[in-house]
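Worksheet for the structure shown next.
Just so it is clear, none of the values below were taken in a lab; they were calculated from the coordinates. Predicted model, so just to flag it, every value in this text is computed and none were measured. Heads up, the Cβs are rebuilt from the backbone with ideal geometry, glycines too, and the neighbour counts pull from every protein chain shown.
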Amino acid sequence: MKKVCFVLPSLAGGGAERVAVQVLSALDARRWDRSMYLFKREGPYLADLPESVRLSSASSESRLGRLFELRRFIRTTRPDLVVSFLSNLTVLAAVRAAAVGARVVFVLGTPMSAFLSDGDYHWKTPSHRTLFTMLTRAGYNLADAIATTSQGVSDDLMQHFGVRESAIRIVHNPIDFAAMSDAVAEPLDAADENAWTRPAIVSAGRLAEAKNFPLLIEAMALLRRRVPARLFILGQGDQEPQLRQQIAALGLSDAVTLCGFQRNPWKYIARADVFALTSRYEGFGNVLIEAMACGVPVVVTSSPGPLEIVRDNVDGVIVSEHTASAVAQALEAILTDDRRRASMAAAAKDASRKFALPSIAGQYDSWFSELVA
């Protein structure tokens, strides 16, 4: 039996964290000795990790301290494969320093060039961005393999960071249909239930610059002139105060609700008439396929991940212009055409099945077996 260890900063409420728990849990326990290592033992997805997966965590608060603790853990447990989500360069350094022959896989769901231009992070200064770009180019070429969630993310690695194509494997993120089937039937939080009116638009994601919720809120101000729609935004993040100010300034306090982080977003999404995502960039967009699996058509701004998920004017609408007027127009077109909306909903649900968790976990299982053979 081969040993595999997934490493993450924490199990905070993000898409990468949920995917890591889903995939590791779904790997065949008869073939893999499974463990997970966290730099911080915290986050809502801790409860989803099965007891059969051994969980360990660091105690240090410093980056250097965590690197040394992870190195010690790797030397002690001697995994055959270490799979890194998010803190890739730290994990690579720790595994190589441990010198136990473990192979290192990075899982990447974001175009790195877009990530490096994201104002939410400390490399907003040119010197930090330049240094991190150099480290990324070097580190990603030292990994044994990289799993990307879309062709767009792969192309970005090859074109901008010189990663060899042979090191990359595209594996889409999964949907746990079994978990969703029960979750969609749960009632909404009482306050949100009282506020719910149709037509209803739902969006979800970290309240951060990359997700560009100000664009969606601005689009709502235009849409509300013609359609009495209501918007529910699921998520938490640093931009919440600014978003609340924008909502109030546009007179949308009775039309836009910030629902906070929702452990079960599907109970909201399944009740929506449209799901909207106006990100500046998306390497994949887990929430898009989850909305499609709920039978909800989507409106999404164009970026690499959505272009591989959504069939324009079949499952939903891809908005090529990242402008409020273009988003508002796309939302109006779906909300005011019942027949078109029903057709898109059916097509979306059918298309989502190719992302089922057993299939995606099987792809990882086969690939991991090749890497450690």
statement: The extension gain from Lys40 to Leu258, computed as 0.36 nm times the residue separation minus the Cα-Cα distance, is 75.8 nm
task: Assuming R0 = 56 Å, can you tell me the calculated FRET efficiency for the pair Ser57 and Thr197, based on Cβ-Cβ distance, to the nearest 0.05?
output: 0.80
statement: Non-local residues with an amide H under 5 Å from the amide H of Thr257, with H modelled 1.01 Å from N and Pro and chain starts lacking one, are Leu231, Phe232, Ile233
- prompt: Once amide H atoms are built 1.01 Å from N in the peptide plane, which residues 5 or more positions from Phe284, or in another chain, come under 5 Å H to H?
  reply: Gly305
statement: Filtering GluC sites (Glu not before Pro) in segment 1-104 by DSSP loop and by at most 15 other Cβ atoms within 10 Å leaves Glu42, Glu51, Glu61
- prompt: With θ set to phi - 60° and the Karplus curve 6.51 cos²θ - 1.76 cosθ + 1.60, what are the ³J(HN,Hα) couplings of segment 299-310 in order, to the nearest whole Hz, using x for Gly and Pro?
  reply: 10, 9, 6, 5, 6, x, x, x, 5, 8, 9, 9
- line: Helix-only [θ] at 222 nm, the chain, -39500 (n - 2.57) per DSSP H run of 4+, per residue, nearest 500, equals -13000 deg cm²/dmol
statement: Taking Ser113, Ser166, Ser84, Ser366 and counting other beta carbon atoms within 10 angstrom, the fewest-first order is Ser166, Ser366, Ser113, Ser84
query: Can you work out the FRET efficiency for the pair Glu186 and Glu240, with r the C-beta to C-beta distance and R0 = 25 Å, to the nearest 0.05?
result: 0.55
message: List the residues, sorted by chain then number, that are 5 or more residues from Val319 or on another chain and whose placed amide H is less than 5 Å from its amide H.
response: Val300, Thr301, Ser302
- prompt: Which residue, Leu131, Leu258, Leu108, has the most motion in a Gaussian network model of the chain that connects Cα atoms within less than 10 Å?
  reply: Leu131
From phi via Karplus (6.51, -1.76, 1.60), per-residue ³J(HN,Hα) for segment 96-112 in Hz, x at Gly/Pro: 5, 5, 5, 6, 10, x, 5, 8, 10, 10, 9, 10, 10, x, 9, x, 4
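With the cut-off at 26 Å, report for segment 236-373 the share of all Cα pairs above it, as a whole percent.
Values: 2950 of 9453 pairs.
Tail fraction, whole percent: 31.
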message: To the nearest 20 Debye, how big is the dipole of the chain about its Cα centre, given +1 on the beta carbon of each Lys and Arg and -1 on that of each Asp and Glu?
response: 900
field: Full-extension gain in nm, Ser343 to Ser166, via 0.36 nm per residue minus C-alpha separation
entry: 59.8 nm
query: If you take the charge dipole of segment 185-354 about its Cα centre, with +1 on Lys and Arg Cβ and -1 on Asp and Glu Cβ, which of Ala190, Ser352, Leu243 is farthest toward its positive end?
result: Ser352
message: Apply the Karplus curve 6.51 cos²θ - 1.76 cosθ + 1.60, θ = phi - 60°, to the phi angles in segment 262-271 and return the couplings in whole Hz, x for Gly and Pro.
response: 10, 4, 10, x, 5, 5, 7, 4, 5, 8
task: Would you please name the GluC sites (Glu not before Pro) within segment 284-373 that are DSSP coil residues with at most 14 other C-beta atoms within 10 Å of their C-beta?
output: Glu321
